[in-house]
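Notes follow once the structure below has been shown.
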Amino acid sequence: MSIVPVDGSITPVVDIATPSSKENGVGFGDSLTRLIGAVDTSGQEANSAVARMLDGSGDVHDAMIALQRAELTFQMTMQVRNKLVQAYQEIMRMPV
Amino acid sequence: MPTLTDAIDASASALAAERTRIEAAVSNLANAESTRGPDGPYRRREVVLAADPTNQFDAALGRAGAVGVRVAGIVEDDSPLKQRFQPSHPDANEAGFVALPNVNPSEEVVDMLSAARAYQANLAAIGLVRDLIRQSLELSR
């Protein structure tokens, strides 16, 4: 039985050397879209938790925790958005 | 990965458990004089709590940080019922004694207060974790 030597024939799972292009990489816009999706999801969860609390099938603390989670997710997204806009404006002010 | 939200989940499970304890104490108080039930007079109910990891995956790996709590069961207290001499009562036996629930109202009030204090402590823990997350978000300012 022969042992196959390890050479370059094995393709790496992620090619680290080449910079990620728009096709295979995740752009900043994509992560922002995901964050907004998370805000939307947590907002809907908070809504349904409050509705459950009001119709008597849910606990008060569950509704309040869902509200807090939605608020924190929203604040997180706002901070990321602020950083993005700040970076954009700084690049726009750059003299060329 | 254990996160701060796991701590909130653990405290939330404790809130539900303490609510169950309060419910048990309240039903014991409400039924302190109930001589009729499915099988004889009402018997004092007690809540049994058990540790319950909020993140089963981390718990299986032995690295769960936040461990919540769940209600393992509600058991009935088998201690002897109180006997009161009251021949006029419809549920009195031939000797004139009525079997009353084995509930001691002052004990129930103490249980209820201790559950309420535990509830407040867990609310404080949730508030603390929330403030920590909020202050972490301030880092980017």
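The values are calculated or read from the model by the stated rules, or taken from the named source; none is laboratory data. The shown structure was predicted, so the numbers you read here are calculated from the model rather than taken from an experiment. With ideal geometry, Cβ positions are generated from the backbone for all residues, glycine too; neighbour counts draw on all protein chains shown. Surface areas here come from the heavy atoms of the whole protein model, side chains and all, with no ligands, DNA or RNA. Shrake-Rupley method; radii C 1.70, N 1.55, O 1.52, S 1.80 Å.
Cβ separations smaller than 7 Å between residues 6+ apart or across chains give the following pairs from the stretch A:64-92 residues that are of a type in the set (S, T, N, Q) to residues that are not in a helix (DSSP H, G or I): A:GLN79/B:SER140.
Filtering the stretch B:110-141 to residues that are β-branched (Val, Ile, Thr) and either at the interface with chain A (Cβ under 9 Å from one of its Cβ atoms) or exposed (fewer than 13 other Cβ atoms within 10 Å of the Cβ) (or both) leaves B:VAL110, B:ILE126, B:ILE133.
B:ASP91: open to solvent by less than 60 Å² (accessible area, probe 1.4 Å) and charged (D, E, K, R), yes or no? It would help to see each step written out before you state the result.
Working: open to solvent by less than 60 Å² (accessible area, probe 1.4 Å): yes; charged (D, E, K, R): yes.
When the stated conditions are applied, B:ASP91 passes them.
Of all residues in the stretch A:39-69, those satisfying the criterion of being open to solvent by less than 80 Å² (accessible area, probe 1.4 Å) and away from chain B (no Cβ under 12 Å) are A:VAL39, A:THR41, A:GLY43, A:ALA46, A:SER48, A:VAL50, A:ALA51, A:MET53, A:GLY56. The requirement of being under 21 Å from B:ARG43 (Cβ atoms) and of a type in the set (Ser, Thr, Tyr) is fulfilled somewhere in the stretch B:67-81, by at least one residue. Residues satisfying the criterion are absent from the stretch A:74-86 (criterion: at pLDDT 90 or above and either in contact with a Pro (Cβ under 7 Å, 6 or more places away or on another chain) or away from chain B (no Cβ under 13 Å) (or both)). Pick out, from the stretch B:20-87, the strands (runs of 3 or more DSSP E) lying fully within it that include 1 or more residues that are closer than 30 Å to B:ALA10 by Cα and open to solvent by less than 40 Å² (accessible area, probe 1.4 Å). Answer list for the stretch B:20-87: B:45-53, B:67-76.
How many residues, within the stretch B:1-21, are of a type in the set (Ser, Thr, Tyr) and more than 9 Å from chain A (Cβ to nearest Cβ)?
3
Among residues belonging to the stretch B:13-27 that are of a type in the set (A, V, I, L, M) and out of contact with any His (no Cβ under 6 Å at 6 or more places or on another chain), point out the one that is nearest to B:ALA60 (Cα to Cα). Among residues in the stretch B:13-27 that are of a type in the set (A, V, I, L, M) and out of contact with any His (no Cβ under 6 Å at 6 or more places or on another chain), the one nearest to B:ALA60 (Cα to Cα) is B:ALA14.
Across the stretch B:94-104, the number of residues qualifying as farther than 30 Å from B:ASN122 by Cα and either of a type in the set (Val, Ile, Thr) or open to solvent by less than 70 Å² (accessible area, probe 1.4 Å) (or both) comes to 7. Considering (1) at pLDDT 70 or above; (2) not in a helix (DSSP H, G or I), the lone condition that A:ALA38 does not fulfil carries the number (2). Residues in the stretch B:22-55 that are touching a helix residue (DSSP H, G or I) at 6+ places or on another chain (Cβ under 9 Å), more than 14 Å from chain A (Cβ to nearest Cβ) and not hydrophobic (A, V, I, L, M, F, W, C): B:ASN28, B:TYR42, B:ARG44, B:ARG45, B:GLU46, B:ASP52, B:PRO53, B:ASN55.
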